[in-house]
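Working notes for the structure below.
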Amino acid sequence: MAAADFSRLIAAAADTIAAHAEELTALDQAIGDGDHGLNMKRGFEAVRAEADAFSAKPLPEALKAVGTKLVMTVGGASGPLFGTLFMALGKDLPAAPDRDGLTAAFGKAIEAVAARGKSQVGQKTMLDVLQPVYEALAQGKTAGEIADAADKAAEATVPMKALRGRASFLGERSIGHMDAGARSTALLVRAVAEAIEGN
Amino acid sequence: MSNVGIVIVSHSPLVAEGTADMVRQMVGDEVPLAWCGGNGHGGLGTSVEAIMGAIEKAWSEAGVAILVDLGGAETNSEMAVEMIGEPRSHKIVVCNAPIVEGAVMAATESSGGASLKEVVATAHELSPS
């Protein structure tokens, strides 16, 4: 991937997080501790600030650098979780990945996030978006279809009962609210999918 | 320093510092001890960077036991251990124990010269499961 392309992906990701920061915070206020939007915005702005340096690296190294920066700047449990997603992607992605290489690396990255959060699909977390995205990737879906699958998966967390994270303290009362991490994951998937599609 | 180090990680700097005060008063100064709390931006939360700093401060060749409060503190502590990397990461354990009782009991065990395994086992005994 050319440096300019990676830089554009970073900008797209940071833009969508910034544009939806208040919405993410509102979602998190409903069933979490209310800092998700602010935390994610701080992290992705920190990544944006180093976009040139990161983009100059080979793709796997660039992704690891993004992940490390998120770990150090996002805070909360989201920092390690989103950071692990990018770090693990970088670890397993070939320098010039095709669809199969991307799918395999994405699958490994999901496992890493699940291990970090001691969580699994169906517990009202970001994993509930990552898994359908993985399946859409594996089925050869288009970028647009993958983004739609992510949005639908985020919506599908609304009726779920939270079993991990702060929201799990609420038990039944977590039902009826979208998971903030699922929403931010879907936003990132759409931003990246549309930026790649626009090539 | 050959005693196992103790690191206290709370979402609140006040809780972390207060817990460290209790350890110092009840156990004394021979145990390497460090604490951190807060998200690094003035709010409640935990910071991987701060946890890594606390581990450095309390580092002992005998190892380090970390006591945490809520979920994010545990996730961030595990991330910090991973980022510190091998070989030292093998000598750092995030304990499954209540933060205040766990810190005092772990430090007491450490002050007697116990191994990391013994220190961690003492803390874990406090946790129902």
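The values are calculated or read from the model by the stated rules, or taken from the named source; none is laboratory data. A quick note: this is a predicted structure, and the numbers were derived from the prediction, not measured. Cβ sites come from the backbone with ideal geometry, for glycine too, and all protein chains shown count toward neighbours.
If you check A:Gly181, A:Gly165 for being modelled with pLDDT of 90 or more, surrounded by 20 or more Cβ atoms within 10 Å (Cβ to Cβ) and within 14 Å of another protein chain (Cβ to nearest Cβ), only one passes: A:Gly181.
Whether a residue is under 23 Å from A:Glu155 (Cα atoms) and either over 15 Å from the mean Cα position of the chain (by Cα) or within 14 Å of chain B (Cβ to nearest Cβ) (or both) was assessed, and A:Gly122 passes this test. In a residue-by-residue description of the range B:16-26, the property of being at pLDDT below 95, surrounded by fewer than 19 Cβ atoms within 10 Å (Cβ to Cβ) and either under 13 Å from the mean Cα position of the chain (by Cα) or at positive phi (or both) applies to no position. Applying the criterion of being surrounded by fewer than 24 Cβ atoms within 10 Å (Cβ to Cβ) and of a type in the set (Gly, Ala, Ser) to the residues of the range B:59-74, the residue that is nearest to the other protein chains (Cβ to nearest Cβ) is B:Gly71. Within the range B:4-15, work out how many residues are surrounded by fewer than 23 Cβ atoms within 10 Å (Cβ to Cβ) and among the polar types (S, T, N, Q). Final tally of qualifying residues: 1. Scanning the range B:1-46 for residues that are without any contact (Cβ under 8 Å) to a residue 40 or more places away in the chain, in contact with a helix residue (DSSP H, G or I) (Cβ under 6 Å, 6 or more places away or on another chain) and within 26 Å of B:Glu118 (Cβ to Cβ) turns up B:Ala34, B:Trp35, B:Cys36. The listed residues are B:Ser110, B:Ser89, B:Ser77, and the only one of them that is within 14 Å of another protein chain (Cβ to nearest Cβ) and at pLDDT 95 or above turns out to be B:Ser77.
Of all residues assigned to the range A:146-155, none qualifies as being of a type in the set (D, E, K, R) and either touching a residue at least 60 places away in the same chain (Cβ under 8 Å) or within 14 Å of chain B (Cβ to nearest Cβ) (or both).
Reported count of residues in the range A:98-140, each being more than 19 Å from B:Gly72 (Cβ to Cβ), small (Gly, Ala, Ser) and not in a helix (DSSP H, G or I), is 2.
Of the residues making up the range B:112-127, those that are free of Cβ contacts under 8 Å to residues at least 60 places away in the same chain and assigned to a loop (DSSP other than H, G, I, E, B) are B:Gly112, B:Glu125, B:Leu126, B:Ser127. Taken as a whole, the range A:93-106 holds no residue that is over 20 Å from A:Ile196 (Cβ atoms), modelled with pLDDT of 95 or more and either among the small types (Gly, Ala, Ser) or buried (at least 21 other Cβ atoms within 10 Å of the Cβ) (or both). The number of residues in the range B:69-109 that are touching a residue at least 40 places away in the same chain (Cβ under 8 Å), more than 14 Å from B:Gly5 (Cα to Cα) and in contact with a helix residue (DSSP H, G or I) (Cβ under 7 Å, 6 or more places away or on another chain) comes to 5.
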